[in-house]
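Asks: My questions all concern the structure below.
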Amino acid sequence: MQTNRRVLLQGTAASLVFAPAVMRVTRAGAAEYTFKMANNSPESHPLTIRMREAAANILKESDGKVDIQMFPNNQLGSDTDMLSQLRSGALEFFTLSGLILATLVPAASINGIGFAWSGYDKVWPAMDGELGAYVRAQIAKANLHAFEKMWDNGFRQITSSTRVIKAPEDLQGFKIRVPASPLWTSMFKAFDASPMTINFAEVYSALQTKVAEGQENPLALIDSAKLYEVQKYLARTNHMWDGFWLLANGKVWKSIPDDVKALISRNVNASAVAEREDIAKLNGSLESALTAKGLTFNSVDMGAFRGKLQAAGFFKEWKGKYGNEAWAILEKYAGSIS
Ligand code: X2X
């Protein structure tokens, strides 16, 4: 009896001493990798819904070993803040507009050149093909990993609380919020507007307080961020196409074993492609939904807007900045731009 008891006690003591290590190895479903993933978009936006889907599938397929926690809607700060966190490693995964990423990787805004794209049938072959590969190679040089499939933000439309925008002249002196990116500021200066740089986290309040008269975004964001509550008019300008790169901190990404890398890549790329389809579907229904919520839509002569940019030397200036090689890849997919 005594011996048994002593053995039992020893056993208990031993298991207490070693408990933490034993638990880490054997506890069923314990995560081996815990990461944060963030974005600037509302819960109901397809970007957030599909990023959550990817994280859930990764958790399931890895038997709980790869646990990616999602922080949408600027919970971790503005795009500018999150980009710093991503670079320092405080944040591991983050979706960012290529145009904003251009503050760090200048080539990354190239898809946002005004009126470059006639439609998605040109955009996706470019971003899934050589143009995307070119940009991703530049991103890698900044020690960030960009996943292969870009996520859709969309073709951007101008909204306003003060005036109807029908012709380029209507933009004269227009106080328009633009994201933090030289390309956006340059483009709206070329329209003789008064662009002001504001992160998306502050857009609703900037419009509500009339610090800005207007802004420009794709329909899905105008709807999910409820910008229709603080805007009256929407001009169907389709003036640029914008997408999100899902980025990983480069050092963290390199430290992950290949099989885990493959599992993460496969799932985020599949969810990105599904997200593109979600946005395509929404584009078909959102004009009537937003009209019902109080926005008045008007169409524009896109040629007139494009002509204004041309006359201001916008295309020539940006071709010079990106260089002939990058511009040629853009034109290979988009057609001639000048
Ligand atoms: O900041 C914006 O307007 C947004 C949400 O479209 C981007 O991320 C570029």
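The values are calculated or read from the model by the stated rules, or taken from the named source; none is laboratory data. Bear in mind that the values here come from a model prediction, so they are computed numbers and not experimental data. For neighbour counting, all protein chains shown are included, and Cβ atoms are generated from backbone atoms with ideal geometry for every residue, glycine included. Surface areas here come from the heavy atoms of the whole protein model, side chains and all, with no ligands, DNA or RNA. Shrake-Rupley method; radii C 1.70, N 1.55, O 1.52, S 1.80 Å.
Asks: Please compute the Kirkwood hydrodynamic radius over region 229-285, one decimal place, Å, based on all pairs of different Cα atoms. Present the calculation step by step, with values, prior to reporting the outcome.
Replies: Values: mean 1/r = 0.0677 Å⁻¹.
Final number for the Kirkwood radius of region 229-285 is 14.8 Å.
Asks: If amide H atoms are built 1.01 Å from N in the plane of the peptide, which residues on other chains or at least 5 residues away come under 5 Å of the amide H of Ser78?
Replies: Residues meeting the amide H criterion: none.
Asks: Would you kindly work out the equivalent ellipsoid of region 90-136 from its C-alpha gyration tensor and give its semi-axes, the square roots of five times the eigenvalues, largest first in whole Å? Don't skip to the answer; put the middle values down first.
Replies: Values: eigenvalues 88, 31, 20 Å².
Its equivalent ellipsoid spans semi-axes of 21, 12, 10 Å.
Asks: Another question about this same structure. Roughly what percent of Cα-Cα pairs across region 158-266 reach past 23 Å? Walk me through the intermediate numbers first.
Replies: Details: 2181 of 5886 pairs.
The proportion of pairs with Cα distances above 23 Å equals 37 percent.
Asks: So, one more: Pop the C-beta distance of Lys122 and Lys251 into the FRET formula with R0 = 45 Å and round what comes out to the nearest 0.05.
Replies: On the way: r = 35 Å, r/R0 = 0.78.
Result of the calculation: an efficiency of 0.80.
Asks: Sort all Cα-Cα distances of region 71-229 into consecutive 10 angstrom bins from zero, then give the percent of pairs in each bin up to the one containing the longest distance.
Replies: With a bin width of 10 Å, the distribution comes to 10, 37, 37, 15, 1.
Asks: Show the residues, 5+ positions off or on another chain, whose built amide H is closer than 5 Å to the amide H of Gln69.
Replies: Phe35, Lys36, Met37
Asks: Which value in Å does the Kirkwood hydrodynamic radius of region 53-113 take, with 1/r averaged over all unlike C-alpha pairs and then inverted?
Replies: Details: mean 1/r = 0.0758 Å⁻¹.
Mean inverse Cα-Cα distance, inverted, gives 13.2 Å.
Asks: Compute log10 of I(q)/I(0) for the chain with the Debye formula, placing one identical point scatterer on every Cα and leaving out solvent, at q = 0.06, 0.08, 0.09 Å⁻¹, to two decimals.
Replies: Cα-only, vacuum Debye calculation for the chain: -0.26, -0.42, -0.51.
Asks: Among the lysines, which have Cα under 30 Å from the Cα of Lys332 when same-chain residues fewer than 8 positions away are ignored?
Replies: Reachable lysines: Lys122, Lys141, Lys149, Lys189, Lys281, Lys308, Lys316, Lys319, Lys321.
Asks: 5 Å is the cut-off here: which amide hydrogens, built 1.01 Å from N in the peptide plane, fall below it relative to Phe244, excluding neighbours closer than 5 in sequence?
Replies: Close amide H contacts, sequence-distant or interchain: Trp151, Asp152, Asn153.
Asks: Plugging the Kirkwood radius over Cα pairs into Stokes-Einstein for region 107-163, at a temperature of 20 °C and a viscosity of 1.002 mPa s, what D comes out in µm²/s? Each step should come with its number before you reach the end.
Replies: Values: Rh = 12.9 Å.
The diffusion coefficient I find is 166 µm²/s.
Asks: Just name one of Pro195, Phe71, Gly323: the one whose Cα is farthest towards the positive end of the charge dipole of the chain (beta-carbon charges, Lys/Arg +1, Asp/Glu -1).
Replies: Positive-end residue among those listed: Phe71.
Asks: Moving to a separate point now. In sequence order, what are the phi-derived ³J(HN,Hα) couplings for region 210-221 according to the Karplus relation 6.51 cos²θ - 1.76 cosθ + 1.60 with θ = phi - 60°, rounded to whole Hz, with x for glycine and proline?
Replies: 6, 4, 10, 7, x, 7, 9, 7, x, 4, 4, 7
Asks: Continuing with the same structure: Considering Cα pairs under 8 angstrom that are at least six residues apart, work out the relative contact order of the chain and quote it in whole percent.
Replies: On the way: 573 pairs, mean separation 79.1, N = 338.
Worked out over the chain, it gives 23 percent.
Asks: With a 1.4 Å probe and all protein chains kept in place, how much accessible area does Arg163 have, in Å² rounded to the nearest 10?
Replies: 70 Å²
Asks: Sticking with this one: With unit charges on the beta carbons (Lys and Arg positive, Asp and Glu negative) and the dipole taken about the Cα centre of the chain, which residue among Asn39, Thr291, Trp151 sits farthest to the positive side?
Replies: Projecting each Cα onto the dipole axis, the largest value belongs to Asn39.
Asks: What FRET efficiency would be calculated for the residue pair Thr162, Glu202, taking the C-beta separation as r and a Förster radius of 25 Å, to the nearest 0.05? Numbers along the way, then the final one.
Replies: Numbers: r = 19 Å, r/R0 = 0.76.
The pair Thr162/Glu202 has a calculated efficiency of 0.85.
Asks: Can you give the Kirkwood hydrodynamic radius of region 233-338 from its Cα pairs, in Å with one decimal?
Replies: Details: mean 1/r = 0.0554 Å⁻¹.
It is 18.1 Å.
Asks: Please report, in debye to the nearest 20, how large the charge dipole of region 252-338 is about its Cα centre when each Lys and Arg carries +1 at its beta carbon and each Asp and Glu carries -1 there.
Replies: Details: 12 positive and 10 negative charges, 51 e Å.
Around 240 debye, computed over region 252-338.
Asks: Which order do you get for Ser41, Ser118, Ser265 if you rank them by accessible area with a 1.4 Å probe, largest at the top? Walk me through the numbers on the way to the answer.
Replies: Numbers: Ser41 0, Ser118 95, Ser265 20 Å².
If we order Ser41, Ser118, Ser265 from most to least accessible, we get Ser118, Ser265, Ser41.
Asks: Quick check: net charge around Gly294, other residues with Cβ under 10 Å of its Cβ, Lys/Arg +1 and Asp/Glu -1? Before the final figure, lay out the partial values.
Replies: Working: positive: Lys232, Lys293; negative: Glu229.
So the environment of Gly294 carries a net charge of +1.
Asks: Next question, about the same structure. With +1 on the Cβ of every Lys and Arg and -1 on the Cβ of every Asp and Glu, and nothing else charged, how large is the dipole of the chain about its Cα centre, in debye rounded to the nearest 20?
Replies: 640 debye
Asks: Could you give the accessible area per residue of region 222-275, probe 1.4 Å, as a whole number in Å²?
Replies: Details: 1880 Å² over 54 residues.
Solvent-accessible surface per residue comes out at 35 Å².
Asks: What's the extension gain from Asp258 to Val273 if we count 0.36 nm per residue and subtract their Cα-Cα distance? Don't skip to the answer; put the middle values down first.
Replies: On the way: separation 15, 0.36 × 15 = 5.40 nm, distance 2.24 nm.
Fully extending the segment from Asp258 to Val273 adds 3.2 nm.
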